[in-house]
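J.: First, the structure itself, so that you have it in front of you.
What follows draws every value from the coordinates through simple rules; no lab data is involved. Since this is a predicted model, take the numbers as computed values, not measurements. Here the Cβ positions follow ideal geometry from the backbone for every residue, glycine too, while neighbour counts run over all protein chains shown.
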């Protein structure tokens, strides 16, 4: 994984794909409780059945949180998660779907404080290799 390398050794275009993680009903219920987002599309089976999705789906922010956790952040190299841009949810994630994240380095910026800012394009896919979310993440790293 490129984040385990020193900042200066990371190449633009470097890619990495995570292991999979299955989204469960428990994940959705716990996320709803933690976030306070009890929107019925996520938590009410009967309501969700009447929507175009036909069933409950995972919260978009849950999908992003899980995807973020699938990318290992080595202690000592990573200073902070710096932000996220251009987030799009392109397909629903249903209970029982297994997602994984694919990360590609798209930009490196040297900062005046001596640190490096790494820009990563991330694509989250399900078990059918369908893209369910995309975003650009920035990670502040030691040099």
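J.: Fewest first, what order do 59, 100 take by the number of other Cβ atoms within 10 Å? Don't skip to the answer; put the middle values down first.
T.: Numbers: 59 21, 100 18.
So the ranking, lowest neighbour count to highest, is 100, 59.
J.: Expressed as an acute angle from 0 to 90° and rounded to the nearest 10, what is the orientation of the C-alpha long axis of helix 60-70 relative to the principal long axis of the chain?
T.: 40 degrees
J.: Where does each of 12, 139, 78 land when they are ranked from fewest to most other beta-carbon atoms within 10 angstrom?
T.: Details: 12 11, 139 22, 78 16.
Neighbour counts put them in this order, fewest first: 12, 78, 139.
J.: If R₀ is 35 angstrom, what is the calculated FRET efficiency for the pair residue 32 and residue 108, using the beta carbon separation as r and rounding to 0.05? Spell out each step's value before the answer.
T.: Details: r = 38 Å, r/R0 = 1.08.
Efficiency, rounded to the nearest 0.05: 0.40.
J.: Which FRET efficiency, nearest 0.05, do residue 21 and residue 143 yield, Cβ-Cβ r, R0 22 Å? Don't jump to the answer; show the numbers that get you there.
T.: Details: r = 31 Å, r/R0 = 1.42.
Here the calculated transfer efficiency is 0.10.
J.: To the nearest µm²/s, what D does Stokes-Einstein give for the stretch 2-141 at 37 °C and 0.692 mPa s, using the Kirkwood radius over alpha carbon pairs as Rh?
T.: Details: Rh = 16.1 Å.
Approximately 204 µm²/s, per Stokes-Einstein.
J.: Moving to a separate point now. On a 0 to 90° scale, report how tilted helix 25-35 is relative to the longest principal axis of the chain, with both axes built from alpha carbons and the result rounded to the nearest 10.
T.: Tilt of helix 25-35: around 70 degrees.
J.: Oh, and also: Hey, can you rank 87-95, 17-25 by average C-beta count inside 10 Å, highest first?
T.: Details: 87-95: 16.6, 17-25: 14.6.
With the highest mean Cβ count within 10 Å placed first, the list reads 87-95, 17-25.
J.: Additional query: How large is the helix-only mean residue ellipticity at 222 nm for the chain, computed as the sum of -39500 (n - 2.57) over DSSP H runs with n ≥ 4, divided by its residue count, in deg cm²/dmol to the nearest 500? Before the final figure, lay out each step's value.
T.: Values: 4 runs with 31 residues, N = 143.
Taken over the chain, the calculation gives -5500 deg cm²/dmol.
J.: Let me ask something else about it. Can you tell me the FRET efficiency between residue 134 and residue 11 if r is taken as the Cβ-Cβ distance and R0 is 22 Å, rounded to the nearest 0.05? Before the final figure, lay out each step's value.
T.: Working: r = 21 Å, r/R0 = 0.97.
Working from the Cβ atoms, E equals 0.55.
J.: Moving on to the next point. What distance in nm lies between label points placed 7 Å from Cα along the C-beta direction at residue 61 and residue 127?
T.: Once both label points are built, they end up 2.8 nm from each other.
J.: Another question, if that's okay. Please give the peptides 37-46, 105-114, 61-70 ranked by average Cβ packing (other Cβ atoms within 10 Å per residue), highest first, as a rough proxy for protection.
T.: Details: 37-46: 13.9, 105-114: 11.5, 61-70: 18.5.
In decreasing order of mean packing, 37-46, 105-114, 61-70 become 61-70, 37-46, 105-114.
J.: Taking 8 Å as the Cα distance limit and 6 or more residues as the minimum spacing, I'd like the relative contact order of the stretch 1-98 as a percentage.
T.: Numbers: 82 pairs, mean separation 36.8, N = 98.
Computed value for the stretch 1-98: 38 percent relative contact order.
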